[in-house]
1. Select the helices (runs of 4 or more DSSP H) contained entirely in the range 211-308, then report the ones holding at least 2 residues which are within 20 Å of Gln355 (Cα to Cα), among the basic types (Lys, Arg) and within 16 Å of ligand 1 (Cβ to nearest atom).
2. Go through the range 243-274 residue by residue and tally those that are within 14 Å of ligand 2 (Cβ to nearest atom) and not hydrophobic (A, V, I, L, M, F, W, C).
3. Among residues belonging to the range 180-208 that are within 21 Å of Gly105 (Cα to Cα) and out of contact with any Lys or Arg (no Cβ under 7 Å at 6 or more places or on another chain), point out the one that is surrounded by the fewest Cβ atoms within 10 Å (Cβ to Cβ).
4. Going through Gly157, Gly191, Gly183 one at a time, which residue ends up being more than 25 Å from Gln60 (Cα to Cα), within 11 Å of ligand 1 (Cβ to nearest atom), outside any strand (DSSP E or B) and in contact with a helix residue (DSSP H, G or I) (Cβ under 7 Å, 6 or more places away or on another chain)?
5. Going through Glu34, Glu15, Glu81, Glu68 one at a time, which residue ends up being within 16 Å of Thr131 (Cβ to Cβ) and of a type outside the set (Gly, Ala, Ser)?
6. Enumerate the pairs (first residue in the range 213-242 and over 24 Å from Ile344 (Cα atoms) and away from ligand 2 (no atom under 14 Å from the Cβ); second residue anywhere and hydrophobic (A, V, I, L, M, F, W, C) and not in a helix (DSSP H, G or I)) with beta-carbon separation below 7 Å, excluding pairs fewer than 6 apart on the same chain, so at least 6 apart or on different chains.
7. Taking the range 101-116 only, how many residues are within 16 Å of ligand 2 (Cβ to nearest atom), out of contact with any Asp or Glu (no Cβ under 7 Å at 6 or more places or on another chain) and within 20 Å of Leu184 (Cα to Cα)?
Amino acid sequence: MSLASIKTLTVDLAERSYPIYIGQESYQTSPWAEHIKGKQVVIVTNTTVAPLYLATIKQQLAAYQPLEIILPDGESFKTWETLQLIFDQLLQAHCDRKVTLVALGGGVIGDMVGFAAACYQRGVNFIQVPTTLLSQVDSSVGGKTAINHPLGKNMIGAFYQPQAVIIDTHSLSTLPAKEFSAGLAEVIKYGLIADADFFAWLENNMQALLALDAAACRYAIERSCAIKARIVAADERENGVRATLNLGHTFGHAIETEQGYGAWLHGEAVAAGTVMALQMSYLLGNISAAQRDRGIALFIAARLPVVPPQNMSAATFLQHMALDKKVQDGQIRLVLLAELGQAIVTAEYSAECLQQTLTSDYQALAAAMQQSSGR
Ligand code: NAD
Ligand code: GLY
């Protein structure tokens, strides 16, 4: 398949199934109209993405004379107040139940606009147009929509599927390197939880990805979306296997919440959190030290943090982890590796093992990895 062509994957959810279009020029070549039912279209984006891509999208949707809503940029704006700004403008413009919202931006925009679509007039259509690597490989697919609460990340939200996901890999060219790395955290996750061969491919192709090699980026996005689509199709509402997509997130969300939303990028917190999950999987005897270290080395190669913040004690972690959405009957269920390429969700671990995980010397583990790779 040439790079110019579009790859179409399907999230198979019966009457709520939808396509994911992936390509280098998919803004221009995707069949937008097939996914727009009414006459009103509203593009919701932010102050950073608007100058980069809004004009192109408006051109594709010119027939609908789309309204635009431009929100402030940042995780700290993933709030009720910002959601209210969206509703204010939809109502002022007399948008009806057939309006289609277009979420143009990263995961913050996608999650928030998806939630707005779920709530506005009890549910309107929306299209995800993810522009960060993280949103292209993860947040735009699967219908998890949310805003943050001061007491917990993504705590207010809904499962609500889009009509389509349109991924134009060109958008990665303007993404800051730190944001690209944050997206790689979720890409690495797929290898760890579901595909040991893909993990090995990432080990061999990390430099190509960081250099934005078009074929490598496209393969990583396609493989990630295919794995996510398969898991979502099997368990849309996270009653089982979907929870494995949260590898590292229970520790990572604790980091994000404690540090203040936006201080650590989501992907950065996931990377450090996943290293903690790898350490715990190692302490439980599920993976070898060498496999744990391969994971740490890959996060380091992706230029991601592998050491949790120094100011977080075990008690602070536990306080945040008690609010995790996977908690059941007061027990913190964790996503760990059963082996490299296969995850489990479990509450079967001792308090001592968790304590040991929270107090392990990650600085020393990272230093050992850096030394062995000659950095
Ligand atoms: P983000 O949306 O904050 O985007 C990162 C930054 O990049 C922002 O400043 C954004 O404006 C900017 N940006 C976006 N596209 C750009 C481009 N092409 N060029 C230049 N700048 C660009 O962050 P993110 O990492 O995309 O998403 C993180 C959010 O996603 C978190 O809120 C997280 O909770 C959520 N998330 C949701 C799911 C889910 O399943 N719904 C999964 C993972 C993460
Ligand atoms: N990002 C985790 C999920 O979609 O379930």
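The values are calculated or read from the model by the stated rules, or taken from the named source; none is laboratory data. Remember, it's a predicted structure, so these values are computed and weren't measured experimentally. Here the Cβ positions follow ideal geometry from the backbone for every residue, glycine too, while neighbour counts run over all protein chains shown.
1. none
2. Just the residues of the range 243-274 that are within 14 Å of ligand 2 (Cβ to nearest atom), to begin with: 243-250, 252-253, 256, 266-267, 269-270, 273-274.
Filter once more, keeping what is not hydrophobic (A, V, I, L, M, F, W, C): 244, 246, 248-250, 252-253, 256, 266-267, 273-274.
Residues flagged as within 14 Å of ligand 2 (Cβ to nearest atom) and not hydrophobic (A, V, I, L, M, F, W, C) within the range 243-274 amount to 12.
3. Only one residue fits best here, namely Phe180.
4. Exactly one of Gly157, Gly191, Gly183 is more than 25 Å from Gln60 (Cα to Cα), within 11 Å of ligand 1 (Cβ to nearest atom), outside any strand (DSSP E or B) and in contact with a helix residue (DSSP H, G or I) (Cβ under 7 Å, 6 or more places away or on another chain), namely Gly183.
5. Glu68
6. Partner pairs satisfying both residue conditions: Ala214/Leu3; Ala215/Leu3; Arg218/Leu3; Arg218/Ile22.
7. Of the residues in that region, 5 qualify.
Residue-wise test of (1) within 14 Å of ligand 2 (Cβ to nearest atom); (2) at pLDDT 95 or above.
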site	(1), (2)
Ala118	no, yes
Pro130	yes, yes
Leu134	yes, yes
Gly142	yes, yes
Asn154	yes, no
Pro162	yes, yes
Thr169	no, yes
Ile193	yes, yes
Phe198	no, yes
